[in-house]
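Participant: Below you'll find the structure I mean.
The values are calculated or read from the model by the stated rules, or taken from the named source; none is laboratory data. On a predicted model such as this, the values are computed, not experimentally measured, just so you know. FYI the Cβ positions are ideal-geometry reconstructions off the backbone, even for glycines, and counts take in every protein chain you see. Remember, those area values only see protein heavy atoms, side chains included, never the ligands or the DNA or RNA. Shrake-Rupley method; radii C 1.70, N 1.55, O 1.52, S 1.80 Å.
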Amino acid sequence: MRKPERAYRGRKTKLRGARRIANRVDGTSRNWRPLLVAVLAIVTLAGISYGGLWLWRSPLGELSRIDSLEQVRVKGPFNAVTQRQIEETLLPFLQKGFFSADIRGMREALLRNPWITSASVSRRWPRGVEVEVREAQPLAVWGEDKLLVASGELLPRPAQMRTGHLPELAGDEELVERIVTQYQALARLLTTRDMEVKRLTFDELSGWQLELVSGVELHLGHEELLERVDRFLQLSRGLLAPHLAKVRRVDTRYSNAVAVQWKQN
C-alpha cells in the first residue's frame, strides 16, 4: 500500500512544479504587455505621420497650399478687363488654400470692378478655381477718357479697349441722359451709309454739333434738331447730291435754308 501512496505524492509534486512554471510564464507575459502597448502606439503614430507627409506631398496637399496663378481658369474673351487683372484680384484668396478659399469673397471682389456686371466663381479640381465674368457693354465714347455703357453710367476707359466702331459723345456729365436721348433719336433718323452719327456734342454756348461718318459736320443749334437734320438729308439727296463729297460743314440754324462751307482743295 505504500507504493501507491508514493506515486500519488509524486503526482502532487509534479503538479505543483507545473503550476510554478505556469505562474512564471504568466508573470513574464504580464510584464511584456506595457512594452507591447508602447510599441504599437509608436508604430501607429509613425504610420499617421507618414500618411500625413504623403498627403502633404500629394496633389491634394499641393492644392491646399495654392499660391500660383496657374490655378485660376478664367473664361473670356474680354474687352474691358484682362485675365491678369482678374488673377491679381483673386490671388489673396487663393493663398488661403483650395478648400478654405472664400468663394463668396472672390465674387464680391470681382464685382467691385465697375466693368464687371456679373461674376461666378467655383472650385475646379485639380485646377483650383474657375471664373466667369460678364462685362458692361459700351455704347459710346464719352470725351477723352470715359465710355458710356448700356446702364447709362460713365466708366473709365480701359487702355486696351478698342473703340473705333463706337460713336463719340461729349458734353457736361450732368446732361448725360439728355445727350444720350438725343443721340438715339438721331441714330434712328440717320441710317444711310456714311450718314450715321460719328460724333455728337453739346454745350450751352454753341448748342448741338453733329459729325457724320462721311466727315460732314452739322451745326444744329439748340432747338428742332430732328427737323434741321431732316432738311439737310433732303438737300443731300437733291441739290447737294453731286457736291456732297466737297461739303465740310453745314449750318442748319436758318429757318428755310442752310449755309454750306466747302472743303479746301
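Participant: Scan the range 141-160 residue by residue and report those that are more than 12 Å from E177 (Cα to Cα) and part of a loop (DSSP other than H, G, I, E, B).
Facilitator: G143, E144, D145, R157, P158, A159, Q160
Participant: Search the range 218-265 for residues being closer than 20 Å to D203 by Cβ and part of a helix (DSSP H, G or I), and hand back the single one that is most open to solvent (accessible area, probe 1.4 Å).
Facilitator: Selected residue: L226.
Participant: If I go through the range 197-217 residue by residue, how many of them are within 34 Å of the chain's Cα centre (by Cα) and either of a type outside the set (S, T, Y) or part of a helix (DSSP H, G or I) (or both)?
Facilitator: Within the range 197-217, the subset within 34 Å of the chain's Cα centre (by Cα) is 197-201.
From the residues that got through so far, the ones that are either of a type outside the set (S, T, Y) or part of a helix (DSSP H, G or I) (or both) too are 197-200.
Of the residues in the range 197-217, 4 are within 34 Å of the chain's Cα centre (by Cα) and either of a type outside the set (S, T, Y) or part of a helix (DSSP H, G or I) (or both).
Participant: Can you tell me which condition L186 does not meet? The list is (1) free of Cβ contacts under 8 Å to residues at least 40 places away in the same chain; (2) buried (at least 16 other Cβ atoms within 10 Å of the Cβ); (3) of a type in the set (A, V, I, L, M); (4) under 21 Å from Y254 (Cβ atoms), and all the others hold.
Facilitator: Unmet for L186, out of (1) free of Cβ contacts under 8 Å to residues at least 40 places away in the same chain; (2) buried (at least 16 other Cβ atoms within 10 Å of the Cβ); (3) of a type in the set (A, V, I, L, M); (4) under 21 Å from Y254 (Cβ atoms): (1).
Participant: Inspect all residues belonging to the range 164-185 and state whether any of them is in contact with a Pro (Cβ under 8 Å, 6 or more places away or on another chain) and outside any loop (DSSP other than H, G, I, E, B).
Facilitator: Initial filter on the range 164-185 (in contact with a Pro (Cβ under 8 Å, 6 or more places away or on another chain)): 166, 183.
Narrowing the set further to residues that are outside any loop (DSSP other than H, G, I, E, B) leaves 183.
Checking the range 164-185: at least one residue is in contact with a Pro (Cβ under 8 Å, 6 or more places away or on another chain) and outside any loop (DSSP other than H, G, I, E, B).
Participant: Only helices (runs of 4 or more DSSP H) wholly contained in the range 36-125 count here; list those with 2 or more residues that are within 27 Å of A150 (Cα to Cα) and at pLDDT 70 or above.
Facilitator: Details: elements: 59-63, 83-94, 103-111.
So the answer is 83-94, 103-111.
Participant: Can we say S214 is hydroxyl-bearing (S, T, Y), modelled with pLDDT under 95 and in contact with an Asp or Glu (Cβ under 7 Å, 6 or more places away or on another chain)?
Facilitator: On the way: hydroxyl-bearing (S, T, Y): yes; modelled with pLDDT under 95: yes; in contact with an Asp or Glu (Cβ under 7 Å, 6 or more places away or on another chain): yes.
Answer is yes for this residue.
Participant: Additional query: Is it fair to say S214 is in contact with a helix residue (DSSP H, G or I) (Cβ under 9 Å, 6 or more places away or on another chain), more than 20 Å from L154 (Cβ to Cβ), hydroxyl-bearing (S, T, Y) and open to solvent by less than 60 Å² (accessible area, probe 1.4 Å)?
Facilitator: Values: in contact with a helix residue (DSSP H, G or I) (Cβ under 9 Å, 6 or more places away or on another chain): yes; more than 20 Å from L154 (Cβ to Cβ): yes; hydroxyl-bearing (S, T, Y): yes; open to solvent by less than 60 Å² (accessible area, probe 1.4 Å): yes.
Answer is yes for this residue.
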